[in-house]
Amino acid sequence: MNAAAEDEMLSPGPSSNKNIYLRRRASGILGWMLTTFAFSILAFALLYLLGFVLFRGADALHMNILLTDTQGVAGGLRNAIVGSLLISGMGVILAAPIGVSAGIYLAEYGDGWLGRTGRFMSDVLVGIPSIVLGYFGYITMVLYLGWQFSLAAGALTLSIMMLPYIARTTEMAFRQLPSATREAAFGLGCSEGRVIWSILLPAARGPVITGVLLALAIALGETAPLLYTAGWSNYLWSGHFTHEGVGYLTYVIWSFIGEPYASAHQLAYAAALLVTLMILAINLIARLLFYRRP
């Protein structure tokens with residue numbers, strides 16, 4: 001028997017090719033069905049959650065809630081709204097410069113042991129439960145430094161939580177920039193500082209700002225760290241950064257929903273709607289900036 005005959009006998013026939021095609025087609029259909037099923041469950045859970053919060057919150061939200069302060073388990077949410085914006089805003093102001101600078105260092109000079117150590121510490125910090133950060137803030141700032149429950153203690157604790165997200169997002173944004181950009185700038189005689197701050201940072205500003213906004217959204221929805229650091233106050237913030245508690249929306253959700261009063265439940269539902277709308281707006285702005293990056 002010659003080689004041609006042996007190849008003809010060993011080669012798969014039409015029926016074998018058809019069976020392979022049918023198996024691949026069946027596995028592909030099954031994969032698409034499982035993917036569609038999983039996506040449907042995720043979409044249903046998200047839409048149900050948003051619908052529940054929107055329905056309950058819209059029924060409870062009215063102008064008086066936005067213009068008056070909390071009075072026990074009644075009143076409004078003006079003090080909590082202002083407090084949430086102040087704590088989160090001050091936290092991101094503290095975290096953004098340090099996080100962006102750390103991300104730039106990790107991307108441009110982080111190939112050595114110091115960079116590997118920084119990435120490891122950043123990953124560990126992301127995995128630390130937020131309530132542990134709150135306990136750390138309580139021991140160091142509230143007790144040791146004597147700030148008591150205050151805006152400064154809460155904002156600084158949230159800034160620590162935001163740091164790794166901003167740093168790693170900035171690092172990834174800089175690493176995605178083509179090396180030809182750096183080479184062209186160095187070829188024109190630019191210094192390292194000018195290359196980073198005048199060329200690379202403007203080119204990566206979309207993803208960097210996106211990372212900052214996403215970190216802000218995460219901080220805006222936190223409760224556990226603030227229970228130990230910001231405390232609570234029924235009054236509008238008077239301008240003191242220390243020795244004065246501050247209200248925030250997530251405390252209303254966490255605390256008031258367990259009260260046996262209809263007024264407390266209304267405040268909790270309204271606070272949940274406001275937090276959801278704030279986080280949704282931040283995420284939409286972040287996505288818009290990301291997809292419109294240069």
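Determine, yes or no, whether LEU214 is of a type outside the set (S, T, N, Q), closer than 21 Å to LEU289 by Cα and modelled with pLDDT of 85 or more.
Judged against the criteria, LEU214 is a match.
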Is it the case that some residue within segment 179-199 is charged (D, E, K, R), farther than 25 Å from ILE282 by Cβ and either surrounded by 15 or more Cβ atoms within 10 Å (Cβ to Cβ) or not assigned by TED's automatic domain parsing to the domain that holds VAL73 (or both)?
yes
GLY115 is checked against (1) crowded, with 16+ Cβ neighbours inside 10 Å; (2) closer than 27 Å to TRP232 by Cβ; (3) of a type in the set (Gly, Ala, Ser) and fails just one. What number does that condition carry?
(2)
Determine which single condition ARG56 fails, assuming it passes every other condition in (1) free of Cβ contacts under 8 Å to residues at least 12 places away in the same chain; (2) closer than 17 Å to ALA264 by Cβ; (3) outside the structural domain of TYR251 (by TED's automatic domain parsing).
(1)
Exception for LEU220 within (1) surrounded by 19 or more Cβ atoms within 10 Å (Cβ to Cβ); (2) in contact with a Phe, Trp or Tyr (Cβ under 8 Å, 6 or more places away or on another chain) falls at (2)
Residue set PRO202, PRO225, PRO260; condition over 30 Å from GLN176 (Cβ atoms) and part of a helix (DSSP H, G or I); output residue PRO225
What residue, of ILE93, ILE128, is exposed (fewer than 15 other Cβ atoms within 10 Å of the Cβ), assigned by TED's automatic domain parsing to the domain that holds VAL212 and modelled with pLDDT under 90?
ILE128
Kindly indicate the residue of segment 47-90 that is among the polar types (S, T, N, Q) and buried (at least 18 other Cβ atoms within 10 Å of the Cβ) and also nearest to THR157 (Cα to Cα) among those meeting that condition.
SER88
Would a scan of segment 243-256 turn up a residue that is surrounded by fewer than 14 Cβ atoms within 10 Å (Cβ to Cβ) and either touching a Phe, Trp or Tyr at 6+ places or on another chain (Cβ under 9 Å) or not assigned by TED's automatic domain parsing to the domain that holds LEU216 (or both)?
yes
Which residue, of VAL212, VAL246, VAL275, is within 21 Å of TYR138 (Cα to Cα), aliphatic (A, V, I, L, M) and in contact (Cβ under 8 Å) with a residue 60 or more places away in the chain?
VAL246
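Looking only at segment 36-52, count how many residues are under 21 Å from the mean Cα position of the chain (by Cα) and without any contact (Cβ under 8 Å) to a residue 60 or more places away in the chain.
Of the residues in that region, 6 qualify.
The values are calculated or read from the model by the stated rules, or taken from the named source; none is laboratory data. The structure presented is a predicted model; accordingly, all values stated were derived computationally and were not measured. Here Cβ is always computed from backbone atoms with ideal geometry, including for glycine, and neighbour counts include all displayed protein chains.
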